[in-house]
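Some notes on the structure that comes next.
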Amino acid sequence: MNLYKLSPVREGSPNCKFCAGVGFFLEENVKNSSSGILLLCSCVGESCPCGGKAPYMVYDESQNRMLPCVCHNARIELAKVEYLVKKAGIPSKYKYRTLKSMDTTHLSFLAAYDWAETLVDKWNSSGTIRQGLYLWGATGSGKTLLACGILNELILRYGTECRYAKINRDFLSTIRDSYQKESELHGMEQTIKKQFTDVEVLVLDDFGANKESDWANSQLYDLIDARYEEEKVTILTSNIQAKDWKDKAEGRIYSRLLEMAEIIHLDCPDYRESHNVFGTH
């Protein structure tokens, strides 16, 4: 899949049928893998004199100095995207899954898809108010797939810093670890919270799946409240309706959700069964 309409990078040959001038492309059909990988296009890498060795420089005898290889910029841009995707923590099965690759035949999924597409298309438009999303529905309805699709496109198109996190495993449990003296995270509670607060776009998967307690509810509220105040975009997926939060944490979480997120119900057949996407939530 060429990324001409997704990536602003133009480091390849404009007439290349594989990359359409980007310099790298997305290989979607990878053996024994449910995710695609980015590959340097042959139009810039097939006969490059540096042989693909960092720092991708070659010696120019006429100028008696080292110059960037013809593949240099394309390799650097490719590495940037790979770094942002890895840093985001997007699960392997959802890496590089773009919105355009998703089936929108079901009206419920189409409504959420349209919202996601608008968010991405207008990401850098001046005057646009960036709103988050509370996406709820049954297991297998495509919530995680859509949320990760948004992250992938924001990274590919704009180089946006993103993060994916399971609410219990990656957030609450990490904070708990910071309380344990034997943990390498001991004493880092505020650092952990700041990392979750500051990232430009955060997906909180399985929101509400944690064991309920006053402590957990307080942590959840503090996080979404901090991100609301910093005007960061938060995308939450959940198996429970947003209104179910009315009776939790004195209604404070519910109040914030109404202010910071569009609430959309995915009432779809199991996306995994119809599309062979195992583990889609």
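Derivation of every value follows stated rules applied to the coordinates shown; laboratory data play no part. Note that the structure is a prediction, hence the values are computed from the model and not measured. Virtual Cβ from ideal backbone geometry, glycine too; neighbours counted across all protein chains shown.
What the table below lists for this structure:
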quantity	calculated
Per-peptide average of other Cβ atoms within 10 Å, ordering 46-53, 86-93, 159-166 highest first	159-166, 86-93, 46-53
Protection-proxy order for peptides 68-74, 140-146, 170-176, each taking the mean of Cβ atoms within 10 Å per residue, highest first	140-146, 68-74, 170-176
Proximal lysines to LYS31, defined as alpha-carbon separation beneath 19 angstrom and excluding residues fewer than eight positions away on the same chain	LYS93, LYS95
Set of aspartates and glutamates with alpha-carbon distance to LYS246 below 15 Å, sequence-local pairs under 8 removed	GLU212, ASP214, GLU259
Of the DSSP H helices in the chain, those whose Cα atoms cover at least 20 Å axially and whose Kyte score averages 0.5 or more	107-121, 143-158
Proximal aspartates and glutamates to LYS143, defined as alpha-carbon separation beneath 15 angstrom and excluding residues fewer than eight positions away on the same chain	ASP103, ASP114, GLU117, ASP205, ASP206, GLU262, ASP267, ASP270, GLU273
Cα-centred dipole magnitude for the chain, charges only on beta-carbon of K, R (+1) and D, E (-1), debye, nearest 20	520
Burial order of peptide ranges 257-267, 147-157, 17-27, 208-218 (average beta-carbon count within 10 Å, highest first)	147-157, 17-27, 257-267, 208-218
Among ARG75, ARG65, ARG227: highest mean-square fluctuation, GNM of the chain, C-alpha pairs under 10 Å	ARG65
